[in-house]
1. Please work out the FRET efficiency for the pair A296 and A269, using the Cβ-Cβ distance as r and a Förster radius of 51 Å; give the result to the nearest 0.05.
2. Using a Förster distance of 35 Å, how high is the FRET efficiency between E285 and D20, based on the Cβ-Cβ distance and rounded to 0.05?
3. Just subtract the alpha-carbon distance of E303 and E325 from 0.36 nm times their residue separation and send over the number in nm, one decimal.
4. What is the distance, in nm, between label points placed 7 Å from the Cα along the Cα-to-Cβ direction at V232 and at A117?
5. List the trypsin sites (Lys or Arg not before Pro) in the stretch 266-335 that DSSP assigns to loop (not H, G, I, E or B) and whose Cβ has at most 13 other Cβ atoms within 10 Å. Which are they?
6. How much of the accessible area of the stretch 232-326, probe 1.4 Å, is carbon plus sulfur, in whole percent?
7. If R₀ is 56 angstrom, what is the calculated FRET efficiency for the pair A221 and A9, using the beta carbon separation as r and rounding to 0.05?
8. Could you list the trypsin sites (Lys or Arg not before Pro) in the stretch 1-87 that lie in coil according to DSSP, counting only those with at most 12 other Cβ atoms within 10 Å of their Cβ?
Amino acid sequence: MRRQVVLDADTYVDGVLAGDRALLARAITLVESTVPAHEALAQEVLLRVLSRTGNATRLGISGVPGVGKSTFIESFGWMLLEEGHRVAVLAIDPSSARTGGSILGDKTRMAKLSMDARAFIRPSPTAGSLGGVARHTREAMLLCEAAGFDVVVVETVGVGQSETAVAGMVDFFLVLMLATAGDELQGIKRGILELADAVAVNKCDEERPEVVTRALGDYGAALRIVRGHDAVWTPRVLKCSGLGGQGLPELWALVKEHRIHMERSGLLAKKRAQQAIRWTWDLVEDTLLGSLYSSAAVRAAREGLEADVAAGRVTPTLAAKRLLEVFSAPGSSEA
């Protein structure tokens, strides 16, 4: 397969700012590249479009398996298109821990939305990044904003570590749930309810009204227990149907209400500034970890130390300290 030619910075910048979806996709591929020359070019492109970012509504969406995230996002996105918005969807796809491959199936699950010129769907592999979130999702989000998409949706792989990372890059975090949760409610991590700005009971048209009503009450009670009194924002519980479209206008109205509240209070700017700082340190940690694993000196010491730990001859704490000492020695960080 022929390798795609890397363009110059002017071409990427002009294409992104013009809203060219093909060049936007190529620019995102560029920021996802781990080739040093590509990374330098990607940062130049990002710096040049940075002034055109920050105006979009950033929406994170998660949910339990089988809740219908893709169907919901396609219906929700289509409603927003009809209101005059431009919608970008960054769908985090799980990478195989064994092969590094990913499914990247969201374009097939959101076929109608992906074909509309006012929308852009980008499935991104996690590529082993901590928490299951693609390392460069934040940068892809900035490129989408620079391209004129005023609603950017980040869809997570499911209920797990990735939710914390996604909640740390969006303005509004929505959790989709099912009315027939039953014991499932007990299995939901407390953390995801602590992150939620709203919980939406999806597929409400497929269940009996009394079941939906009970579920709304259960989730509302769970939120009150977990969140208690929150002076910043009180999370809401709504019902909706991604397939039938019920409740979607009310949900969008809630997102807009949250945005107005955060802007007027000055909390949106503060939240985004804190997210940017956290992003910086995440990259520092990611880069250091990558350098540690690629160090020739660490690789040389690793096998013996792992054998010692497995045999009980040394504690994991001492082995970790030794590996860090090896890594910190002059010249040892070279691959």
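The values are calculated or read from the model by the stated rules, or taken from the named source; none is laboratory data. Only a predicted model underlies this, so the values are computations on that prediction, with no experimental measurement involved. Note: ideal-geometry Cβ built from the backbone for every residue, glycine included; neighbour counts use all protein chains shown. Protein only, heavy atoms only, side chains kept; ligands, DNA and RNA dropped before computing areas. Shrake-Rupley method; radii C 1.70, N 1.55, O 1.52, S 1.80 Å.
1. Numbers: r = 45 Å, r/R0 = 0.87.
Efficiency at R0 = 51 Å is approximately 0.70.
2. Working from the Cβ atoms, E equals 0.55.
3. On the way: separation 22, 0.36 × 22 = 7.92 nm, distance 1.55 nm.
Using 0.36 nm per residue and subtracting the Cα-Cα distance, I get 6.4 nm.
4. About 4.0 nm, to one decimal.
5. Taking the stretch 266-335 and a limit of 13 other Cβ atoms within 10 Å, the loop trypsin sites (Lys or Arg not before Pro) found are R313.
6. Values: 3660 of 5930 Å².
Whole-percent figure for carbon plus sulfur exposure: 62.
7. Calculated transfer efficiency: 0.60.
8. Those that pass, being in a loop and sparsely packed, are R2, R3.
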